[in-house]
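Trainee: Below is the structure I would like to discuss, written out as structure tokens.
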Amino acid sequence: QVQLVESGGGLVQAGGSLRLSCAASGGTFSNYHMGWFRQAPGKEREFVGAISGSGGRADSVEGRFTISRDNAKNTVYLQMNSLKSEDTAVYYCAAGVPTPLGLPRMSKGYNYWGQGTQVTVSS
């Protein structure tokens, strides 16, 4: 069983930056691909980015966001720059067992989820 704990959320002005962290425990971290999702009020959860277990492959739907990981620290990061009000959401990290299909963009591609961290961008 993998436990995930996000941190780093908060209130930031539009145009600012935040770095979210997600600390994992309970498993061999490098065995899992990691993803970030977000959910805004009244909207469905949406994919933000993902990274392979080794960190050699990454995917992101936002050019302003960069996902990275430090396997020695069992932590995955989401660096968010040039934040906009529409980035306001609860951000979740997730861990998934790799498949031949590559990095998943859908929630069903992930087995474990954190509780989320709130990001609020004021305009």
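Trainee: What FRET efficiency comes out for the pair ARG64/GLN3, r = Cβ-Cβ distance, R0 = 35 Å, nearest 0.05?
Mentor: 0.75
Trainee: So, one more: Would you mind getting the accessible area per residue of region 24-123, heavy atoms of the protein chains only, 1.4 Å probe, in Å²?
Mentor: I get 51 Å² per residue for this part.
Trainee: Return the aspartates and glutamates within reach of LYS84: Cα separation strictly under 20 angstrom, same-chain partners fewer than 8 residues apart disregarded; answer none if there are no such residues.
Mentor: GLU44, GLU46, GLU62
Trainee: So what does log10 I(q)/I(0) come out to for the chain at q = 0.14, 0.15 Å⁻¹, using the Debye formula with one equal point on every Cα and no solvent?
Mentor: Debye output, listed in q order: -0.52, -0.60.
Trainee: Can you tell which of GLY49, GLY109, GLY35 shows the greatest fluctuation in a Gaussian network model of the chain with Cα springs below 10 Å?
Mentor: Among GLY49, GLY109, GLY35, the largest GNM mean-square fluctuation belongs to GLY109.
Trainee: To continue, here is another question. Please get the size of the charge dipole for the chain, origin at its Cα centre, with Cβ charges of +1 on Lys and Arg and -1 on Asp and Glu, quoted in debye to the nearest 20.
Mentor: Working: 11 positive and 8 negative charges, 22 e Å.
That gives a dipole near 100 debye.
Trainee: Also, quick follow-up: Using a 1.4 angstrom probe on heavy atoms only, work out the carbon and sulfur share of the accessible area of the chain in %.
Mentor: C and S fraction of accessible area: 47 percent.
The values are calculated or read from the model by the stated rules, or taken from the named source; none is laboratory data. In this text the structure is predicted, and so the values were computed from the model without any measurement. Glycine gets a Cβ as well: all are built from the backbone with ideal geometry, and neighbour counts include every protein chain shown. Heavy atoms of the whole protein, side chains included, go into the accessibility calculation; ligands, DNA and RNA do not. Shrake-Rupley method; radii C 1.70, N 1.55, O 1.52, S 1.80 Å.
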